[in-house]
Amino acid sequence: MVTGAAGPPEPPKAAESLRIVVTDPIISRFEDKLKSDVGTHQWVMAAEWPPERRLEALAGADVVVCSSLPPAEAEAAGNVRLVHVTGAGYDKISFRHLAPSALVANTFHHARPIAEHVLMVTLMLSRNVAAADRAVRRGQWRTIATDDDVPFHPVLADLTLGLVGLGSIGAEVARLAGSLGMKVCAVRRNPSAPLPEGVRLGWVGGNHELHGLLAESDVVVVTVPLDSETRGMIGAAELSAMKATALLINVARGAVVEQAALYEALKERRIAGAGIDVWWGLPADGVVPPAELPFADLENTVLTPHHSGHARITFERRAADIAANIGHLARGTELSNLVRRPAPLR
(Lines give C-alpha, C1' and ligand atoms only; values in the text may rest on other atoms or scores of the structure.)
Protein backbone atom coordinates (compact mmCIF):
# COMPACT_ATOMS: atom_id res chain seq x y z
CA MET A 1 0.00 0.00 0.00
CA VAL A 2 1.37 3.36 -0.96
CA THR A 3 1.13 5.96 1.75
CA GLY A 4 1.77 9.66 1.66
CA ALA A 5 0.82 9.95 -2.00
CA ALA A 6 0.23 13.48 -3.17
CA GLY A 7 -3.36 14.48 -3.54
CA PRO A 8 -4.85 15.87 -6.73
CA PRO A 9 -3.20 19.03 -7.98
CA GLU A 10 -4.70 22.27 -6.82
CA PRO A 11 -6.84 23.99 -9.44
CA PRO A 12 -5.29 27.10 -10.94
CA LYS A 13 -6.02 30.28 -9.08
CA ALA A 14 -8.93 32.22 -10.51
CA ALA A 15 -7.85 35.43 -12.17
CA GLU A 16 -8.72 38.69 -10.46
CA SER A 17 -10.58 41.45 -12.22
CA LEU A 18 -8.33 44.49 -12.40
CA ARG A 19 -8.92 48.16 -13.12
CA ILE A 20 -6.36 49.19 -15.75
CA VAL A 21 -5.73 52.81 -16.69
CA VAL A 22 -3.83 53.45 -19.94
CA THR A 23 -2.33 56.94 -20.37
CA ASP A 24 0.10 56.33 -23.25
CA PRO A 25 -1.41 57.50 -26.56
CA ILE A 26 0.79 55.30 -28.76
CA ILE A 27 0.15 51.98 -27.02
CA SER A 28 -3.54 52.93 -26.92
CA ARG A 29 -3.59 52.40 -30.67
CA PHE A 30 -2.94 48.70 -29.97
CA GLU A 31 -5.90 48.33 -27.63
CA ASP A 32 -6.92 44.98 -29.12
CA LYS A 33 -3.54 43.44 -28.30
CA LEU A 34 -3.50 44.98 -24.82
CA LYS A 35 -6.79 43.23 -24.10
CA SER A 36 -5.65 39.87 -25.47
CA ASP A 37 -5.50 38.36 -21.96
CA VAL A 38 -9.32 38.15 -22.20
CA GLY A 39 -9.70 38.74 -18.47
CA THR A 40 -12.76 40.43 -17.03
CA HIS A 41 -10.80 43.60 -16.44
CA GLN A 42 -12.05 47.16 -16.45
CA TRP A 43 -10.09 49.16 -19.01
CA VAL A 44 -9.87 52.94 -18.86
CA MET A 45 -8.29 54.41 -21.98
CA ALA A 46 -7.34 57.82 -20.58
CA ALA A 47 -4.61 59.02 -22.95
CA GLU A 48 -6.71 61.88 -24.31
CA TRP A 49 -8.36 62.85 -21.05
CA PRO A 50 -7.73 66.23 -19.39
CA PRO A 51 -5.39 66.15 -16.36
CA GLU A 52 -8.11 66.43 -13.70
CA ARG A 53 -10.14 63.54 -15.10
CA ARG A 54 -7.02 61.42 -15.51
CA LEU A 55 -6.07 61.95 -11.85
CA GLU A 56 -9.52 60.78 -10.81
CA ALA A 57 -9.14 57.63 -12.91
CA LEU A 58 -5.71 56.89 -11.49
CA ALA A 59 -7.04 57.00 -7.94
CA GLY A 60 -8.77 53.66 -8.46
CA ALA A 61 -6.18 51.97 -10.67
CA ASP A 62 -4.71 48.54 -10.01
CA VAL A 63 -2.52 48.84 -13.10
CA VAL A 64 -1.22 51.92 -14.88
CA VAL A 65 0.12 51.54 -18.43
CA CYS A 66 2.16 54.63 -19.27
CA SER A 67 5.28 56.08 -20.85
CA SER A 68 5.64 58.61 -18.04
CA LEU A 69 4.21 59.03 -14.56
CA PRO A 70 4.90 62.48 -13.09
CA PRO A 71 4.69 63.09 -9.33
CA ALA A 72 1.05 64.18 -9.25
CA GLU A 73 -0.08 61.10 -11.18
CA ALA A 74 2.11 58.75 -9.14
CA GLU A 75 0.63 60.13 -5.92
CA ALA A 76 -2.90 59.90 -7.33
CA ALA A 77 -2.37 56.22 -8.11
CA GLY A 78 -2.01 55.43 -4.42
CA ASN A 79 -3.40 51.89 -4.71
CA VAL A 80 -1.61 50.88 -7.88
CA ARG A 81 -0.09 47.40 -7.86
CA LEU A 82 1.69 47.53 -11.21
CA VAL A 83 3.06 50.40 -13.27
CA HIS A 84 3.86 49.01 -16.70
CA VAL A 85 6.09 51.28 -18.75
CA THR A 86 5.40 51.05 -22.47
CA GLY A 87 9.07 51.07 -23.47
CA ALA A 88 12.51 50.30 -22.09
CA GLY A 89 13.25 53.63 -20.41
CA TYR A 90 11.73 54.32 -17.02
CA ASP A 91 13.50 57.59 -16.24
CA LYS A 92 10.14 59.42 -16.55
CA ILE A 93 8.52 57.39 -13.77
CA SER A 94 8.41 59.25 -10.45
CA PHE A 95 9.49 56.33 -8.26
CA ARG A 96 9.78 58.58 -5.22
CA HIS A 97 6.05 59.33 -5.30
CA LEU A 98 4.88 55.76 -5.96
CA ALA A 99 3.36 53.55 -3.29
CA PRO A 100 6.15 51.35 -1.82
CA SER A 101 4.22 48.20 -2.72
CA ALA A 102 3.94 49.04 -6.44
CA LEU A 103 5.71 46.88 -9.00
CA VAL A 104 7.25 48.53 -12.06
CA ALA A 105 7.91 46.64 -15.30
CA ASN A 106 9.19 47.64 -18.72
CA THR A 107 9.30 46.14 -22.21
CA PHE A 108 11.64 46.22 -25.19
CA HIS A 109 11.44 44.94 -28.81
CA HIS A 110 12.96 48.13 -30.25
CA ALA A 111 16.51 46.91 -30.76
CA ARG A 112 16.22 45.75 -34.37
CA PRO A 113 14.56 48.87 -35.81
CA ILE A 114 17.01 51.08 -33.92
CA ALA A 115 19.96 49.04 -35.22
CA GLU A 116 18.62 49.43 -38.76
CA HIS A 117 18.30 53.18 -38.15
CA VAL A 118 21.94 53.34 -37.02
CA LEU A 119 23.14 51.65 -40.19
CA MET A 120 20.90 53.87 -42.35
CA VAL A 121 22.29 57.02 -40.74
CA THR A 122 25.85 55.70 -41.07
CA LEU A 123 25.31 55.28 -44.81
CA MET A 124 23.57 58.65 -45.17
CA LEU A 125 26.41 60.50 -43.46
CA SER A 126 29.33 58.56 -44.93
CA ARG A 127 27.92 58.95 -48.46
CA ASN A 128 26.70 62.55 -48.02
CA VAL A 129 23.18 61.53 -49.01
CA ALA A 130 21.41 64.58 -47.59
CA ALA A 131 23.84 67.02 -49.23
CA ALA A 132 23.64 65.18 -52.55
CA ASP A 133 19.85 65.23 -52.40
CA ARG A 134 19.80 68.99 -51.78
CA ALA A 135 22.26 69.60 -54.61
CA VAL A 136 20.26 67.62 -57.16
CA ARG A 137 17.08 69.46 -56.13
CA ARG A 138 18.96 72.71 -56.80
CA GLY A 139 19.88 71.45 -60.26
CA GLN A 140 23.50 70.61 -59.39
CA TRP A 141 25.15 67.36 -60.53
CA ARG A 142 28.20 66.87 -58.32
CA THR A 143 30.04 63.54 -58.46
CA ILE A 144 33.66 62.40 -58.55
CA ALA A 145 33.33 62.57 -62.36
CA THR A 146 32.36 66.25 -62.39
CA ASP A 147 34.03 67.74 -59.31
CA ASP A 148 37.42 66.84 -57.85
CA ASP A 149 36.30 68.11 -54.44
CA VAL A 150 33.65 65.40 -54.12
CA PRO A 151 35.10 62.63 -51.92
CA PHE A 152 34.98 58.93 -52.60
CA HIS A 153 32.80 57.23 -50.05
CA PRO A 154 33.80 54.22 -47.95
CA VAL A 155 32.12 50.83 -47.76
CA LEU A 156 30.93 49.63 -44.39
CA ALA A 157 33.46 46.80 -44.27
CA ASP A 158 36.23 49.41 -44.20
CA LEU A 159 34.85 51.05 -41.06
CA THR A 160 35.21 50.37 -37.33
CA LEU A 161 32.07 50.87 -35.27
CA GLY A 162 32.50 51.66 -31.58
CA LEU A 163 29.63 51.00 -29.21
CA VAL A 164 29.21 52.96 -26.02
CA GLY A 165 27.02 50.47 -24.17
CA LEU A 166 26.21 46.86 -24.95
CA GLY A 167 22.63 46.33 -23.83
CA SER A 168 19.89 45.05 -26.11
CA ILE A 169 20.27 47.93 -28.58
CA GLY A 170 24.07 47.85 -28.62
CA ALA A 171 24.05 44.09 -29.09
CA GLU A 172 21.68 44.28 -32.06
CA VAL A 173 23.75 47.07 -33.64
CA ALA A 174 26.82 44.83 -33.20
CA ARG A 175 25.10 41.87 -34.86
CA LEU A 176 23.83 43.88 -37.81
CA ALA A 177 27.06 45.85 -38.33
CA GLY A 178 29.13 42.70 -38.02
CA SER A 179 27.00 40.91 -40.60
CA LEU A 180 27.90 43.68 -43.07
CA GLY A 181 31.61 43.30 -42.43
CA MET A 182 32.19 46.17 -40.01
CA LYS A 183 34.71 45.71 -37.22
CA VAL A 184 32.87 46.27 -33.94
CA CYS A 185 34.33 47.23 -30.56
CA ALA A 186 32.57 48.23 -27.36
CA VAL A 187 32.89 49.63 -23.87
CA ARG A 188 30.46 48.68 -21.12
CA ARG A 189 30.14 48.88 -17.35
CA ASN A 190 31.11 45.24 -16.87
CA PRO A 191 33.56 44.20 -19.59
CA SER A 192 33.95 40.70 -18.13
CA ALA A 193 30.25 39.86 -18.52
CA PRO A 194 29.45 37.24 -21.19
CA LEU A 195 28.81 38.66 -24.64
CA PRO A 196 25.21 38.63 -25.85
CA GLU A 197 24.34 35.74 -28.14
CA GLY A 198 25.55 36.22 -31.71
CA VAL A 199 27.78 39.20 -30.88
CA ARG A 200 31.40 39.10 -32.02
CA LEU A 201 33.66 41.98 -31.08
CA GLY A 202 37.18 43.03 -31.95
CA TRP A 203 37.53 43.94 -28.28
CA VAL A 204 35.38 44.95 -25.32
CA GLY A 205 36.56 47.12 -22.46
CA GLY A 206 35.27 48.98 -19.43
CA ASN A 207 33.97 52.52 -19.51
CA HIS A 208 37.40 53.72 -18.39
CA GLU A 209 38.61 52.72 -21.88
CA LEU A 210 36.14 55.06 -23.60
CA HIS A 211 38.81 57.38 -25.02
CA GLY A 212 40.59 54.46 -26.64
CA LEU A 213 37.34 53.37 -28.28
CA LEU A 214 36.65 56.89 -29.53
CA ALA A 215 40.14 57.26 -31.02
CA GLU A 216 39.83 53.97 -32.92
CA SER A 217 36.27 54.22 -34.22
CA ASP A 218 35.01 55.57 -37.53
CA VAL A 219 31.43 55.44 -36.24
CA VAL A 220 30.62 55.93 -32.54
CA VAL A 221 27.17 54.75 -31.49
CA VAL A 222 25.83 55.82 -28.08
CA THR A 223 23.34 53.33 -26.59
CA VAL A 224 23.75 53.60 -22.80
CA PRO A 225 20.78 54.37 -20.52
CA LEU A 226 20.69 57.80 -18.92
CA ASP A 227 21.63 57.85 -15.26
CA SER A 228 23.90 59.80 -12.93
CA GLU A 229 26.99 58.05 -14.33
CA THR A 230 26.20 58.50 -18.02
CA ARG A 231 24.81 62.06 -18.00
CA GLY A 232 27.34 64.13 -19.96
CA MET A 233 29.41 61.01 -20.66
CA ILE A 234 30.29 62.36 -24.12
CA GLY A 235 31.64 65.86 -23.66
CA ALA A 236 34.28 68.11 -25.17
CA ALA A 237 37.21 65.88 -24.15
CA GLU A 238 35.55 62.78 -25.58
CA LEU A 239 34.65 64.48 -28.86
CA SER A 240 38.25 65.70 -29.13
CA ALA A 241 39.40 62.09 -28.81
CA MET A 242 37.46 61.13 -31.96
CA LYS A 243 38.91 61.14 -35.47
CA ALA A 244 38.13 64.21 -37.57
CA THR A 245 36.58 61.81 -40.08
CA ALA A 246 34.42 60.02 -37.49
CA LEU A 247 30.66 60.06 -37.04
CA LEU A 248 28.67 60.14 -33.78
CA ILE A 249 25.20 58.57 -33.67
CA ASN A 250 23.14 58.98 -30.50
CA VAL A 251 20.16 56.65 -30.00
CA ALA A 252 20.38 56.66 -26.17
CA ARG A 253 19.19 59.86 -24.47
CA GLY A 254 20.09 63.40 -25.43
CA ALA A 255 21.69 64.27 -22.10
CA VAL A 256 24.30 61.50 -22.43
CA VAL A 257 26.01 63.88 -24.89
CA GLU A 258 26.82 67.45 -23.90
CA GLN A 259 24.82 69.61 -26.27
CA ALA A 260 27.17 72.59 -26.58
CA ALA A 261 30.25 70.41 -27.01
CA LEU A 262 28.62 68.43 -29.81
CA TYR A 263 27.39 71.55 -31.58
CA GLU A 264 30.83 73.16 -31.53
CA ALA A 265 32.54 69.96 -32.71
CA LEU A 266 30.15 69.72 -35.65
CA LYS A 267 30.24 73.42 -36.52
CA GLU A 268 34.03 73.49 -36.49
CA ARG A 269 34.22 70.17 -38.37
CA ARG A 270 36.28 68.56 -35.62
CA ILE A 271 34.17 65.48 -36.27
CA ALA A 272 32.68 64.65 -39.65
CA GLY A 273 29.03 64.38 -38.71
CA ALA A 274 26.34 63.25 -36.31
CA GLY A 275 23.05 61.43 -36.34
CA ILE A 276 20.78 62.75 -33.59
CA ASP A 277 17.59 60.84 -32.82
CA VAL A 278 17.37 61.80 -29.14
CA TRP A 279 17.25 65.34 -27.83
CA TRP A 280 17.69 67.51 -24.76
CA GLY A 281 13.99 67.98 -24.05
CA LEU A 282 10.61 67.87 -25.75
CA PRO A 283 9.33 70.17 -28.49
CA ALA A 284 7.84 73.24 -26.82
CA ASP A 285 6.41 76.45 -28.24
CA GLY A 286 7.07 75.23 -31.75
CA VAL A 287 10.82 74.79 -31.18
CA VAL A 288 11.89 71.89 -33.41
CA PRO A 289 14.33 70.32 -33.01
CA PRO A 290 14.18 70.64 -29.19
CA ALA A 291 17.65 72.00 -28.58
CA GLU A 292 19.14 75.25 -27.34
CA LEU A 293 21.53 75.41 -30.29
CA PRO A 294 20.73 75.50 -34.06
CA PHE A 295 21.62 71.94 -35.08
CA ALA A 296 19.24 72.29 -38.04
CA ASP A 297 21.67 74.80 -39.57
CA LEU A 298 24.45 72.21 -39.69
CA GLU A 299 24.69 70.30 -42.96
CA ASN A 300 26.79 67.48 -41.47
CA THR A 301 23.89 66.07 -39.47
CA VAL A 302 20.96 63.71 -39.88
CA LEU A 303 18.21 64.81 -37.49
CA THR A 304 15.22 62.63 -36.61
CA PRO A 305 12.38 63.05 -34.07
CA HIS A 306 13.23 60.19 -31.69
CA HIS A 307 11.57 57.69 -34.02
CA SER A 308 14.33 55.15 -34.62
CA GLY A 309 12.44 52.40 -32.80
CA HIS A 310 8.98 53.17 -34.15
CA ALA A 311 8.34 50.00 -36.13
CA ARG A 312 4.81 48.60 -35.90
CA ILE A 313 6.16 45.24 -34.74
CA THR A 314 7.82 47.00 -31.79
CA PHE A 315 4.51 48.19 -30.39
CA GLU A 316 2.60 45.04 -31.22
CA ARG A 317 5.11 43.02 -29.22
CA ARG A 318 5.19 45.56 -26.40
CA ALA A 319 1.41 45.43 -26.12
CA ALA A 320 1.61 41.63 -25.98
CA ASP A 321 4.20 41.83 -23.17
CA ILE A 322 2.00 44.21 -21.20
CA ALA A 323 -1.05 41.99 -21.68
CA ALA A 324 0.93 38.96 -20.49
CA ASN A 325 2.12 40.74 -17.35
CA ILE A 326 -1.39 41.92 -16.55
CA GLY A 327 -2.47 38.30 -16.85
CA HIS A 328 0.33 37.23 -14.49
CA LEU A 329 -0.71 39.85 -11.94
CA ALA A 330 -4.35 38.79 -12.15
CA ARG A 331 -3.44 35.12 -11.62
CA GLY A 332 -0.76 35.71 -8.99
CA THR A 333 2.10 34.33 -11.09
CA GLU A 334 5.58 35.71 -11.72
CA LEU A 335 5.85 38.85 -13.85
CA SER A 336 8.53 39.52 -16.47
CA ASN A 337 10.90 42.49 -16.86
CA LEU A 338 10.42 43.86 -13.37
CA VAL A 339 12.64 46.87 -12.68
CA ARG A 340 11.19 47.50 -9.22
CA ARG A 341 9.80 45.12 -6.64
CA PRO A 342 8.05 46.06 -3.39
CA ALA A 343 10.34 47.23 -0.65
CA PRO A 344 10.90 44.42 1.91
CA LEU A 345 9.11 44.72 5.21
CA ARG A 346 11.25 45.45 8.28
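Here are some notes:
- For the pair the stretch 207-276 / the stretch 24-92, the C-alpha centres are spaced 35 Å from each other.
- Overall dimensions of the stretch 291-346 as given by Cα atoms, namely Rg and Dmax in Å: 19.8, 59
- Summarising the label geometry, the points placed 7 Å from Cα in the beta-carbon direction at Arg142 and Glu299 lie 0.5 nm from one another.
- Loop sites by DSSP among the GluC sites (Glu not before Pro) of the chain, restricted to those with at most 13 other Cβ atoms within 10 angstrom, leave 49-196 as the longest stretch without any of them.
- Relative contact order of the chain, defined on C-alpha pairs under 8 angstrom at six or more residues apart (%): 18
- Expressed to the nearest 5 percent, the antiparallel share of DSSP beta bridges inside the chain is 5 percent.
- Over the stretch 36-180: Rg over Rh, Cα atoms, Kirkwood Rh: 1.22
- Phi to ³J(HN,Hα) by Karplus 6.51 cos²θ - 1.76 cosθ + 1.60 over the stretch 167-176, Hz, x for Gly, Pro: x, 5, 6, x, 5, 5, 4, 4, 4, 5
- Apportionment of accessible area to carbon and sulfur, the chain, percent (1.4 Å): 54
- √(5λ) per eigenvalue of the Cα gyration tensor, the stretch 202-346, largest first, Å: 35, 20, 15
- Per residue, the solvent-accessible area of the stretch 65-123 (1.4 Å probe, heavy atoms of protein chains only, all protein chains present) comes to 37 Å².
- Subset of Lys35/Lys92; Lys33/Lys92; Lys33/Lys183 violating a 31 Å alpha-carbon distance limit: Lys33/Lys183
- Pairs of Cα atoms farther than 15 Å apart, the stretch 24-83, %: 49
- Low-density loop positions, trypsin sites (Lys or Arg not before Pro), the stretch 96-191 - DSSP coil, at most 10 other Cβ in 10 Å: Arg138
- Accessible surface, the stretch 234-319, averaged per residue in Å² (probe 1.4 Å): 46
- Taking a sphere under 15 Å around the Cβ of Phe315 and counting the other residues whose Cβ falls inside, with K and R at +1 and D and E at -1, yields a net charge of +2.
- Computed from backbone phi, the HN-Hα couplings of the stretch 17-23 come to 9, 10, 9, 10, 10, 10, 10 Hz, rounded to whole numbers (Karplus: 6.51 cos²θ - 1.76 cosθ + 1.60, θ = phi - 60°; Gly and Pro given as x).
- Cα-projected label distance for Arg341 with Trp49, points at 7 Å along beta-carbon direction, nm: 3.2
- The DSSP beta bridges internal to the stretch 204-321 are antiparallel in roughly 10% of cases.
- Among Ala193, Ala105, Ala72: highest mean-square fluctuation, GNM of the chain, C-alpha pairs under 10 Å: Ala193
The values are calculated or read from the model by the stated rules, or taken from the named source; none is laboratory data. Every value quoted in this text rests on a predicted model; they were computed, and no experiment measured them. Backbone-built Cβ (ideal geometry, glycine too); neighbour counts: all protein chains shown. The protein model used for the area step is the full one, side chains on, heavy atoms only, and it has no ligands, DNA or RNA in it. Shrake-Rupley method; radii C 1.70, N 1.55, O 1.52, S 1.80 Å.
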